[in-house]
Structure formats: C-alpha cells, structure tokens
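A short worksheet on the structure shown next.
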Amino acid sequence: QVELVESGGGLVQSGGSLRLSCAASGIIFSVYKVGWYRQAPGKQRELVAAIFRGGSTNYVDSVKGRFTISRDNAKNTVYLQMNSLKLEDTAVYYCKVDTLGLGYWGQGTQVTVSS
C-alpha cells in the first residue's frame, strides 16, 4: 500500500520561510520522479518543482531562486524548502510520485502567506 504523508504547512509572514515534507511508505522515492504541486483558490493545479531519479531538479519560473526541492533517501522523504515567500504562494501544496503506471498523491498541506 502506497502512502504519502505531507507535513509542514501553515501560516507564515511574507518574506518568511517554510519547509514542507513528504514521507513515503510502500514505495521507494529515489527510484521515481517526485513532484510538488500547488493549487490556489480558483486556479488550476500547477507543478512547482520536481526531482528525478538521478537527483536533477526543475522548477516553475515563479519560484526559481526561492524554492528548493530535495530528497533524503535514507528517510524516504522529499522536501520543499520555500524561502522569500510571497502572498501569491498561498495554496494547497501536494506531493506526487510518478511510477511506471500510476501517480500517487499526498493529501495536501495548506500554506498561507500573510502580509
């Protein structure tokens, strides 16, 4: 049974930082692509950052230089470090792992950035 457990969301002031975690069971993260997505109210879900099997990463332009995705293989956990947060970063953040046949989603964690 694959399970992704997300944590780390909350309320943070503009300019502040937050680290999201996604811990997996039933699957080995290091073998697959893992992505962080977000969905703001009234908007489509978008891919924010992804990390690949070999460790390479990519980011949506709006978060480049501010967000960092990383992976701790020993803990089977993927992180999203978010710095210099802006009001427009407010959204529900989801992690997703892509296997050969299926994608598995976490439950989502709310990030709210205040002025």
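We did not get these values from a lab; they are worked out from the coordinates using the rules stated. Quantities reported herein were computed from a predicted structural model and do not represent experimental measurements. Neighbour counts are summed over all protein chains in view; Cβ atoms, including those assigned to glycine, are modelled from backbone coordinates with ideal geometry.
The table below gives the values:
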read-out	value
For the chain: relative contact order, % (alpha-carbon pairs under 8 angstrom, 6 or more apart)	36
Charged-residue dipole, Cβ positions (Lys, Arg, Asp, Glu), the chain about Cα centre, Debye nearest 20	160
Efficiency of FRET from Cβ geometry, residue 25 and residue 57, R₀ 30 Å, rounded to 0.05	0.80
Taking segment 12-68 and dividing mean pair separation by its residue count, relative contact order in percent (alpha carbons under 8 Å, at least six apart)	22
Separation of the residue 2 and residue 99 label points, Cα + 7 Å toward Cβ, nm	0.5
Segment 3-15 - phi-based ³J(HN,Hα) in whole Hz, Karplus 6.51/-1.76/1.60, Gly and Pro as x	9, 10, 10, 9, 7, x, x, x, 9, 9, 6, 3, x
Added length on full extension, which subtracts the Cα-Cα distance from 0.36 nm per residue, residue 68 to residue 43	6.7 nm
Under 5 Å, built H, 5+ apart or other chain: amide partners of residue 45	none
Derived scalar couplings ³J(HN,Hα) [segment 93-102; Karplus, 6.51 cos²θ - 1.76 cosθ + 1.60; whole Hz; x for Gly, Pro]	9, 10, 9, 8, 10, 9, 8, 4, x, 9
Beta bridges per DSSP with both ends in the chain, % antiparallel, nearest 5	90
